[in-house]
1. Taking into account only those residues within segment 60-87 that are modelled with pLDDT of 95 or more and within 17 Å of residue 40 (Cα to Cα), which is surrounded by the most Cβ atoms within 10 Å (Cβ to Cβ)?
2. Of the residues in segment 1-24, how many are touching a helix residue (DSSP H, G or I) at 6+ places or on another chain (Cβ under 8 Å), in a loop (DSSP other than H, G, I, E, B) and either modelled with pLDDT of 95 or more or surrounded by 18 or more Cβ atoms within 10 Å (Cβ to Cβ) (or both)?
3. Any residue in segment 83-107 that's more than 26 Å from residue 36 (Cβ to Cβ): show its pairings with residues that are surrounded by fewer than 23 Cβ atoms within 10 Å (Cβ to Cβ) and modelled with pLDDT under 95 at Cβ separation under 6 Å, as long as the two are six or more apart or on different chains.
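The values are calculated or read from the model by the stated rules, or taken from the named source; none is laboratory data. Owing to the predicted nature of the structure, the values given are computational and were not obtained by experimental measurement. Note: ideal-geometry Cβ built from the backbone for every residue, glycine included; neighbour counts use all protein chains shown.
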């Protein structure tokens, strides 16, 4: 169990939200291991901001305020352009992240909000990366799911066996930290928060319909 993960400002929220959607602890751990490798699980992280610092927060505030324009955010991000929880880099994916934020700024207070990052991540997986999504929901194996996220969703420049090993180990550490007491495939079962789950499912259903209707996804 990792104290750093337990004390992380976003890790438990990310775990709980993804588990509510994916329903499989192995898949959630595998996905989060990759996200940890990409962004350290910070939804406002700017590529190259290592270790995570106020630079990411300041950049995000400038996007929120309009000091950094939509065009510059989408096409001219610093240090290679990656941004956010999954380090979205390609301009079409960043444009859709930006559009989703703009669609409901009263709900998504910031381009760097964790709820925006999670909603966009889930929408992308459900629509544009369906094979990855199905694997995350069904696999009983962290390594299989982790490799699929690495190669088919994140697709960084380095996809070597060493990177596979590292991301699997990160996923396993996340599983060891959060799986016990959570409901979903694998580990000990806990109590379902049926009210919260119903609200979340309703939110995502409406969001998916809106995203498809407006061509955000």
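1. Among them, the one singled out is 83.
2. Start the filter on segment 1-24 by keeping residues that are touching a helix residue (DSSP H, G or I) at 6+ places or on another chain (Cβ under 8 Å), which leaves 1-2, 5-6, 10-15, 17-24.
Now restrict to residues that are in a loop (DSSP other than H, G, I, E, B): 1-2, 10, 23.
Among the residues that remain, those that are also either modelled with pLDDT of 95 or more or surrounded by 18 or more Cβ atoms within 10 Å (Cβ to Cβ) (or both) are: 10, 23.
Going through segment 1-24 one residue at a time, the tally reaches 2.
3. Taking only residues 6 or more apart or on different chains, the pairs are 99/216.
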